[in-house]
Amino acid sequence: MARLCVVIRLRTEDPGVDWTPASSLDLRIHSGTSVLIVVEMERSFAGRRALVTGAGKGIGRDTAKALFASGAQVVAVSRTQEDLVSLAQECPGIETLCVDLGDWEATERALSTIGPVDLLVNNAGVALLQPFLEVTKEACDRSFDVNFRSVVQVSQMVAQGLIARGAPGAIVNVSSQASQRAVKDHAIYCSTKGAMDMLTKVMALELGPHKIRVNTVNPTVVMTAMGRANWSDAQKAESMLSRIPLGKFAEVEDVVNAILFLLSDQSAMTTGSALPVDGGYLVG
Ligand SMILES: NC(=O)C1=CN([C@@H]2O[C@H](COP(=O)(O)OP(=O)(O)OC[C@H]3O[C@@H](n4cnc5c(N)ncnc54)[C@H](OP(=O)(O)O)[C@@H]3O)[C@@H](O)[C@H]2O)C=CC1
Ligand SMILES: CC(=O)C(C)=O
């Protein structure tokens, strides 16, 4: 028997859009032919407003661009103005906000007027590597201020807005495989990411009744500016690669796809989870 598979790709558009079909699909089915019609729903964030921290470079920049391309209104927050200028040139219409998220008062001032946000990606982070016995107060304070405290602060502001509007929302915290495995010279970094994973679970517990989902993505090494700074040495990289069953580091796109999945309605029943993007590193 001949089998015919028809894939119809639909975009979940704004309900206000006129669905009058531009063209019709004329199928002539011969007798004895079975037809499987697959309707693929593309992920669209039309009508949603997303805030991405650390959107100047790397994972955050590509996440902001992907959300923008998927129809979301995007607020890109980062520390270096020229990164935001170039991002706005690439994506005309993206909103930008330049602030050091490690500065609580400056962040409060900068984000107090951002308006409603439906989707939040807490991506900004620093990896200040020091052997445990050489950890400094400055590195400890900076790491926790950026990687952890700013996540608390920005999430509070966004969640309070959602609750006031009675609107559902989704938050993705960008953690790391390093939240669950010791990595040499990463005592403070691992601790900030471990704290982030636990924070994520408590946020999910308390915000769930408000229809706000909270999850982490937990990538392995990604060769962004941060990855290149710490993992360009071939021998050091090999020590990590040898512990990854898929035998490769993650690409930025792999992390972006995981983030968009956890922001989308396709993960409507997932909250409080930690989604590895690590090639199997954490199974070891
Ligand atoms: N790269 C990797 O191997 C991995 C990264 N991660 C995590 O992914 C996230 C993104 O990392 P990645 O894209 O690689 O990092 P990058 O260093 O390439 O980019 C980080 C971005 O965050 C911004 N940022 C950092 N600190 C602040 C701050 N205080 N206020 C505002 N913006 C800030 C940076 O701005 P600026 O450059 O101006 O400081 C930059 O735009 C981080 O949380 C990281 O821990 C997780 C696993 C692996
Ligand atoms: C940089 C990082 O998050 C690692 C080591 O996974």
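The values are calculated or read from the model by the stated rules, or taken from the named source; none is laboratory data. Everything quoted here is computed from the prediction, not taken from an experiment. No Cβ is skipped: glycine too gets one built from the backbone with ideal geometry, and neighbour counts run over all protein chains shown.
Restricting to the stretch 204-220, count the residues that are out of contact with any Leu (no Cβ under 9 Å at 6 or more places or on another chain) and crowded, with 24+ Cβ neighbours inside 10 Å.
1
Mind telling me which of the residues Val77, Val85, Val99 ends up being in contact (Cβ under 8 Å) with a residue 40 or more places away in the chain and either of a type in the set (Ser, Thr, Tyr) or in contact with a Ser or Thr (Cβ under 8 Å, 6 or more places away or on another chain) (or both)?
Going through Val77, Val85, Val99 in turn, the sole match is Val77.
Anything in the stretch 92-109 that is within 14 Å of Val52 (Cα to Cα) and more than 9 Å from ligand 1 (Cβ to nearest atom)? List them, or say none.
Ile94, Glu95, Thr96, Leu97, listed by residue number.
Applying the selection to the stretch 156-183, what residues are of a type outside the set (A, V, I, L, M) and touching a residue at least 24 places away in the same chain (Cβ under 8 Å)?
The answer is Gly161, Arg165, Pro168, Gly169, Asn173, Ser175, Ser176, Gln177, Ser179, Gln180, Arg181.
Among the numbered conditions (1) surrounded by fewer than 19 Cβ atoms within 10 Å (Cβ to Cβ); (2) farther than 24 Å from Met269 by Cα, tell me where Tyr189 comes up short.
(1)
Residue-by-condition table, conditions (1) modelled with pLDDT of 95 or more; (2) assigned to a strand (DSSP E or B); (3) out of contact with any strand residue (DSSP E or B) (no Cβ under 7 Å at 6 or more places or on another chain):
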| position | (1), (2), (3) |
| --- | --- |
| Leu36 | no, yes, no |
| Glu40 | no, yes, no |
| Ala50 | yes, yes, no |
| Leu67 | yes, no, no |
| Asp83 | yes, no, yes |
| Glu105 | yes, no, yes |
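Could you check the stretch 107-129 and list, in sequence order, the residues that are within 26 Å of Gly227 (Cα to Cα), within 20 Å of the chain's Cα centre (by Cα) and part of a loop (DSSP other than H, G, I, E, B)?
Asn123, Ala124, Gly125, Val126, Ala127
Filter the stretch 158-175 down to the residues that are surrounded by fewer than 17 Cβ atoms within 10 Å (Cβ to Cβ) and within 16 Å of ligand 1 (Cβ to nearest atom) and list them by number.
Passing the criteria: none in range.
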